[in-house]
Amino acid sequence: MGAVTFETLAFGKTAEEAFSKAIEDARNMHGHGGYTGTIAEKDTLEVIPEREHKGRQKRTVARELIEEGDERIQSKRGPAGAINCSGTTEAKRYRERKGLKGKHGDVWLFFGWASR
């Protein structure tokens, strides 16, 4: 089987909570059979420190890490990358779309390679 890249946003009080919700959503949308090419294939995450993405477009940073083959997220069997997007325009729009205004938590961008 091959691998494809994925990017997805999720909300949670912690990165781990948002990660679990993203996996659940992907499984509900793409099935539980495996090889979906989504975050549903992941079971761990690697938080990218703020110093590496502060003041930058979060999706751009994620795509650069994928393109560069960053060892933290390069394996389809390894962890998903995670970047906290709170405070960005994209996070604000996500919270509005999902009816999360006033809820305590953060919007996270998960990304990486997944089995397909």
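Could you work out what % of the accessible surface of segment 13-110 is carbon and sulfur, using a 1.4 angstrom probe and leaving DNA, RNA and ligands out of the count? Display every interim value, and only then the final one.
Working: 2670 of 6160 Å².
Ligands and nucleic acids excluded, carbon and sulfur give 43 percent.
Highest first, please rank the peptides 86-92, 37-43 by the mean number of other Cβ atoms sitting within 10 Å of their residues. Could you put the intermediate results ahead of the total?
Working: 86-92: 14.0, 37-43: 21.3.
Top of the packing list down: 37-43, 86-92.
Return the FRET efficiency for the residue pair E24, E64: r is the Cβ-Cβ distance, R0 is 35 Å, and the value is rounded to the nearest 0.05. Could the numbers behind the result be given before it?
Working: r = 28 Å, r/R0 = 0.80.
Computed FRET efficiency for E24 and E64: 0.80.
List, in order, the whole-Hz ³J(HN,Hα) value for each residue of segment 10-18 obtained from phi through the Karplus relation with A = 6.51, B = -1.76, C = 1.60 and θ = phi - 60°; use x for Gly and Pro.
Rounded to whole hertz, the list is 8, 10, x, 5, 9, 4, 5, 5, 5.
For every other residue with a beta carbon closer than 14 angstrom to the beta carbon of Y35, add +1 if it is Lys or Arg and -1 if Asp or Glu, then tell me the sum. Kindly include the intermediate steps, with their values, before the conclusion.
Numbers: positive: R27, K42, K76, R77, R116; negative: E41.
Result for the local shell: +4.
Taking the DSSP beta bridges in the chain as the whole, what percent of them are antiparallel, to the nearest 5?
Numbers: 14 of 17 bridges.
Roughly 80 percent of the DSSP beta bridges within the chain come out antiparallel.
Go ahead and estimate [θ] at 222 nm for the chain from helices alone: -39,500 (n - 2.57) per DSSP H run with n ≥ 4, summed, over the residue count, rounded to 500. Walk me through the intermediate numbers first.
Details: 3 runs with 36 residues, N = 116.
Calculated from helices alone, the mean residue ellipticity at 222 nm is -9500 deg cm²/dmol.
Please build a GNM for the chain, connecting alpha carbons under 10 Å apart, and tell me which residue among R51, R93, R27 fluctuates the most.
Highest fluctuation among the options: R51.
Per-residue HN-Hα couplings for segment 87-94, Karplus 6.51 cos²θ - 1.76 cosθ + 1.60 at θ = phi - 60°, whole Hz, x for Gly and Pro?
Ordered by residue, 3J(HN,Hα) equals x, 8, 4, 4, 5, 4, 5, 4 Hz.
Going 7 Å from the Cα of V4 in the Cα-to-Cβ direction, what parts of segment 83-116 have a backbone nitrogen less than 11 Å from that spot?
Zone members listed by number: 114-116.
Please report the spacing between the Cα centers of segment 1-44 and segment 49-110 in Å, no decimals.
Going from one Cα centre to the other spans 14 Å.
The values are calculated or read from the model by the stated rules, or taken from the named source; none is laboratory data. All values reported here derive from a predicted model rather than from experimental measurement. Reconstructed Cβ throughout: ideal geometry from the backbone, glycine too, with neighbour counts over all protein chains shown. These area figures cover heavy atoms from the full protein model, side chains too; ligands, DNA and RNA do not enter into them. Shrake-Rupley method; radii C 1.70, N 1.55, O 1.52, S 1.80 Å.
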